[in-house]
1. Consider the stretch 297-324. How many of its residues are open to solvent by less than 60 Å² (accessible area, probe 1.4 Å) and under 14 Å from LEU370 (Cα atoms)?
2. Got at least one residue in the stretch 409-420 being touching a Pro at 6+ places or on another chain (Cβ under 7 Å), in contact (Cβ under 8 Å) with a residue 12 or more places away in the chain and open to solvent by less than 20 Å² (accessible area, probe 1.4 Å)?
3. Checking the structure you have, find out if any residue of the stretch 84-92 is touching a Cys at 6+ places or on another chain (Cβ under 7 Å) and modelled with pLDDT of 95 or more.
4. Which residues, taken from the stretch 282-296, are out of contact with any strand residue (DSSP E or B) (no Cβ under 6 Å at 6 or more places or on another chain) and either among the small types (Gly, Ala, Ser) or open to solvent by 10 Å² or more (accessible area, probe 1.4 Å) (or both)?
5. Considering the stretch 16-40 alone, what residues qualify as being surrounded by fewer than 17 Cβ atoms within 10 Å (Cβ to Cβ) and of a type outside the set (Lys, Arg)?
6. Of the conditions (1) under 30 Å from ALA101 (Cα atoms); (2) open to solvent by less than 10 Å² (accessible area, probe 1.4 Å); (3) outside the structural domain of HIS27 (by the TED database), PHE426 clears all except one; give me its number.
7. Select, from GLU379, GLU420, the only residue that is of a type in the set (D, E, K, R) and under 30 Å from LYS30 (Cβ atoms).
8. Would a scan of the stretch 216-228 turn up a residue that is crowded, with 24+ Cβ neighbours inside 10 Å, under 28 Å from VAL39 (Cβ atoms) and of a type in the set (Lys, Arg)?
Amino acid sequence: PEDTVTSSFASFIPAARPEHLSSTVQHRSKRMILDSIGVGLVGSTTRVFDIALRYCRELYSPVAVSSVYGKPGVKLSPTLAAFTNGVATHSMDFDDTWHPATHPSGAVLPALLAASQMLPPGTKPSGMDFLLAFNVGLEVQGRLMHFSTEAHDIPKRFHPPSVVGTMGSAAATAKLLSLSRAQCSHALGIAASLAGAPMANAATQAKPLHIGNATRLGFEAALLAARGMEANPFILDDIPGCSGFSAFYGVYQPKPLSAPGDHHEFLLEKQDIAFKRFPAHLGMHWVVDAALSVRNLFVNYAGSFSPALIRTIVLKIPVSKYINRPFPSSEHQARHSFQFNACAALLDGEVGLGSFTESSIQRQELRELLDKVVVEHPEDNVANFDKMYGEVALLLHSGDVLTGKCDTFYGHWRKPLSKESLLKKFRSNASHVLPEEKIETIIAMVDNLENLSDSSQL
């Protein structure tokens, strides 16, 4: 079918060319790739990653050609490597976040890394091929999310990367494998039947599976389309009485995707990405910065941080049930708790990898602070990553009140991490599993990705 939303997306994928990527898009996407690799590497040290890896190694007989984060002696079949590396990327909730809300890199990058190693010698994609496919995957995710106003708010029903991420992975892999327009359409249609995960599994070990499945299943959708499988050619259109992608959204208003070229502007050109400074849900970054701000006021007021002087801690946060957790009991719950992250920042003056260990979570002094927390939901504080704020007020026994507020945390797309901060994060994450010389090699390789002759080297 011609002149449909689905066909416009299917046409866009093979039509995208390197010259369509501006210097801004290339720069921002390379930052995302570097950060995502680092997050995946440190994620390979987690228990949930070990479970996923053991599952893949024990239950399947892989054609072992694709590498696994943090495990130099291990290779898996391409789709299982994508799955395992996707789990690693989201295992600490440390991966990048976009607006409307999703985690774009983790759903795409592992599939492209695995696919690059899968292709035989002589057909390996170049670094620019890789970079272009990555951006196609981002663009498809972003455009799909803009079809619904519902997607702009913090999600309630399904985890966005399990839906748009699967579609992005399919599009990116289809681009890397040079699928035809018809095959790209079928890949998107197949991916739509493989997408979705409920928000009820947030703050559990199952949540990282959402990213692992998105990158793996989108990859599989492209492979199935390449082998001749067909799907509904109207999958992205709004067809009354027969839901396609509209099944995921109550309000769905799709628009055709313009052809790449002089009049098409990639969404990454218009809006940067958010990089996290510590491994927790993005919403936590507002309350942590607010807590650190009021902590500094408290230290100036009292000479040191003394919890005994605090009567009540008031958090002013948006309404979002799955990240409103008064007394988290596990690392994954703690990463999704406004209360925990605010109190950890107040108590320690920072939040980092060590904040989410069992011993840190169960500290008596932290539990005593959590007992003092009261939550308020001001009407102007909406559950939207582009509009929300975090406010932490300390009501002291003396009657004094100290307040810290954060409208835009450092790392948000309105306040991007500096090059130095991003490199510091990457080196810190990668150092958990790689020696210094390999870390510096990866940095140089990503920085020069558009000139790399064989992307499988990455």
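The values are calculated or read from the model by the stated rules, or taken from the named source; none is laboratory data. None of the values given here were measured: they were computed from a predicted structure. Please note: Cβ atoms are built from the backbone with ideal geometry, for glycine as well, and neighbour counts cover all protein chains shown. Calculation scope for accessible area: heavy atoms of the full protein, side chains included, ligands and nucleic acids excluded. Shrake-Rupley method; radii C 1.70, N 1.55, O 1.52, S 1.80 Å.
1. Result for the stretch 297-324: 7.
2. In the first step, residues of the stretch 409-420 are kept if they are touching a Pro at 6+ places or on another chain (Cβ under 7 Å); the result is none.
No, there is no match, as no residue in the stretch 409-420 is touching a Pro at 6+ places or on another chain (Cβ under 7 Å), in contact (Cβ under 8 Å) with a residue 12 or more places away in the chain and open to solvent by less than 20 Å² (accessible area, probe 1.4 Å).
3. Step one: of the stretch 84-92, the residues touching a Cys at 6+ places or on another chain (Cβ under 7 Å) are 84.
With modelled with pLDDT of 95 or more added as a condition, the list becomes 84.
Yes, there is a match, as at least one residue in the stretch 84-92 is touching a Cys at 6+ places or on another chain (Cβ under 7 Å) and modelled with pLDDT of 95 or more.
4. GLY283, LEU292, ARG295, ASN296
5. Kept after step one, since they are surrounded by fewer than 17 Cβ atoms within 10 Å (Cβ to Cβ), are these residues of the stretch 16-40: 17-19, 22-24, 27.
Residues satisfying the conditions are PRO18, GLU19, SER22, SER23, THR24, HIS27.
6. The number of the failed condition is (3).
7. Working: GLU379 fails: under 30 Å from LYS30 (Cβ atoms).
Criteria check complete, one pass: GLU420.
8. yes
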